[in-house]
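Take a look at the structure below.
The values are calculated or read from the model by the stated rules, or taken from the named source; none is laboratory data. None of these values were measured; they are calculated from a predicted model. Heads up, the Cβs are rebuilt from the backbone with ideal geometry, glycines too, and the neighbour counts pull from every protein chain shown. Note: accessible area is taken over every heavy atom of the protein model, side chains too, but ligands, DNA and RNA are not part of it. Shrake-Rupley method; radii C 1.70, N 1.55, O 1.52, S 1.80 Å.
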Amino acid sequence: MPTGTITQLELQQHDRERVNLYIDSVFALGISLRTLEHQGLYKGKVLSESDWQAIAQAEEVDKAYNAALVFLAARPRSSQEIRTRLRKREFPDEHIDLAIEKLAQIGLVNDAAFARFWVENRQQHRPRGARAIQAELSQKGVQRDLISEVLNELTDQDEEQERAFSVARSALRRYANEPTKMAFSRKMAGLLQRRGFGFDTIKPVLDQLWQELQNNTEPDEID
């Protein structure tokens, strides 16, 4: 890129977040307003070769940053989810690190907040046991100690059992005609285990629901 003096900074007509930069009255390149601010660019500033290298890196980081913002638009993400997404877009790790750091500085990337969001969302909308949630968060790259901290903070054993009851009752009709408690328990326990509930949570659910089924069974008529 040419060295020289910035003689004009012009907002682009079709993207008001970007600026056309002119060196010695000749168009040089378009840059984002973030790059303009972070690199301290202004009309009259003389740019050296090292300045150009810094501008080029800042622009690449800004591209990674914008790609991450688009990815974050649907829902909060863990830092590892963002890293994986940007690697698929072939951004270098160095630029990814800087983009994630910028997002973290403004609170858009925070693995603790993400873990809380994930746990609360699962508890409210798609009941899962603590084990299943722990596995999901691990897959998303959240550190194990952070997962344990958030689960301990947000998971109560009584509430965990209520969620297990909720899942089991939603599937109760499917297994209501099983002839024995063993057959009923095997199938219902399998469902609850797949949803991440532990044995200590599952057993009282099985016992109570089986008893309810027996109490609701009409006795045969005697002629």
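Quick look at the values:
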item	result
CD proxy at 222 nm, helix term only [per DSSP H run n ≥ 4: -39500 (n - 2.57); per residue of the chain; nearest 500]	-19500 deg cm²/dmol
Share of alpha-carbon pairs per 10 Å distance bin for the stretch 91-223, given as whole %	11, 33, 24, 15, 9, 5, 1, 1, 0
Dimensions (Å) - the chain, Cα atoms, principal axes, largest first	107, 35, 25
Mean projection area, nm², convex hull over Cα of the stretch 4-100	6.8
Accessible surface of the chain, 1.4 Å probe, proportion on carbon and sulfur as whole %	46
Average Cα contact separation per residue, the chain, under 8 Å, 6 or more apart, as relative contact order %	13
Cβ-placed point charges (K, R +1; D, E -1), dipole of the stretch 166-208 about Cα centre in debye, nearest 20	180
Close Lys-Lys pairs in the chain, where close means Cα under 21 Å and separation is 8 or more or interchain	7
The chain, dipole about Cα centre (Lys/Arg Cβ +1, Asp/Glu Cβ -1), debye to the nearest 20	500
Contour excess over end-to-end distance, with Cα ends at residue 97 and residue 45 and 0.36 nm allotted per residue	15.8 nm
Label-to-label distance, nm, for residues given as residue 74 and residue 7 (7 Å Cα→Cβ offset)	4.8
Separation in nanometres of the label points that stand 7 Å from Cα toward Cβ, at residue 53 and residue 183	7.6
In degrees, nearest ten, helix 111-125 long axis to first principal axis of the chain (Cα)	40
Ratio Rg/Rh, restricted to the stretch 159-200 and using Cα atoms, in which Rh is the Kirkwood radius	0.96
Whole-number accessible area per residue in Å² for the chain, which is evaluated in the context of all protein chains at 1.4 Å	61
Relative contact order computed over the stretch 79-158 (Cα-Cα under 8 Å; 6+ residues apart), in percent	33
Reciprocal mean inverse distance between Cα atoms of the stretch 9-56 - Kirkwood radius, Å	11.0
Equivalent ellipsoid semi-axes, the stretch 43-147, via Cα gyration tensor eigenvalues times 5, rooted, Å	35, 12, 11
